[in-house]
Amino acid sequence: DNGVAYNRNPGEGGRPNVVAIPGAGPRGTSGSFLPRDTYFGAPTDYNDVESDAFLARFEYDFNDSITISNQTRWSSVDRSSIYRIPSASAALPIPPNPASGNQYYNRENTTLTNLTNVSAQLETGTWRHSLSAGLEFSRERADAIHGNPSAASPTTSEVGVDTVAAYLYDTIELN
């Protein structure tokens, strides 16, 4: 199957997050448990995720027994958010104040992968073989900035991962 596909997810336009607290949930000022879906944050909190992906797949049959295929995929995901971290001593709801646990996060991931595979069906005597061999290359890059907006300088990180992999396997059926 040959084909090309493109997918774009423009995100949710800054809708606020709902922070679920595991367990029974935090206690309100009266000492009773708050509902698990209680929102801890300010109306200005948001979590925007945008993604783009492109996929191209090509396959060619040399004959009834040998096929080569290639798949290339590129994707980019950009996440930007501002949120609050509730604590046991925080007043509820948490006010929109940088000193009250505001956090921000901005990260962009870009990935490029290429996979080439050759598959073959053959018989040697009474054995029927299904062979598959391939080579994959991938590159991922991530840049992130995160921290408390009131801090003097944010935490930044840059990560890059390059991968090369090869495989060969044979499934044998005895006749």
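The values are calculated or read from the model by the stated rules, or taken from the named source; none is laboratory data. This is a predicted model, so every value here is computed, not measured. Neighbour counts are summed over all protein chains in view; Cβ atoms, including those assigned to glycine, are modelled from backbone coordinates with ideal geometry. Areas reflect the complete protein model, heavy atoms only, side chains present, ligands, DNA and RNA absent. Shrake-Rupley method; radii C 1.70, N 1.55, O 1.52, S 1.80 Å.
Annotations for the structure displayed:
- Every pair of residues 6+ apart whose Cβ atoms lie under 6 Å, when the first sits in the stretch 62-76 and is without any contact (Cβ under 8 Å) to a residue 60 or more places away in the chain and closer than 27 Å to Ser138 by Cα while the second is in a strand (DSSP E or B) and polar (S, T, N, Q): Thr67/Ser119; Ser69/Asn117; Asn70/Thr116; Thr72/Asn114; Arg73/Thr113; Ser75/Thr111; Ser76/Thr110
Per-residue answers, yes or no, for (1) touching a residue at least 40 places away in the same chain (Cβ under 8 Å); (2) within 22 Å of Asn47 (Cα to Cα); (3) among the hydrophobic types (A, V, I, L, M, F, W, C); (4) open to solvent by 70 Å² or more (accessible area, probe 1.4 Å):
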residue: Asn106; (1), (2), (3), (4): yes, yes, no, no
residue: Thr110; (1), (2), (3), (4): no, yes, no, no
residue: Thr116; (1), (2), (3), (4): yes, no, no, no
residue: Thr126; (1), (2), (3), (4): yes, no, no, yes
residue: His129; (1), (2), (3), (4): yes, no, no, no
residue: Asp162; (1), (2), (3), (4): no, no, no, yes
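- Test: residue in the stretch 73-92 that is under 19 Å from Val49 (Cβ atoms), at pLDDT 80 or above and aromatic (Phe, Trp, Tyr): yes
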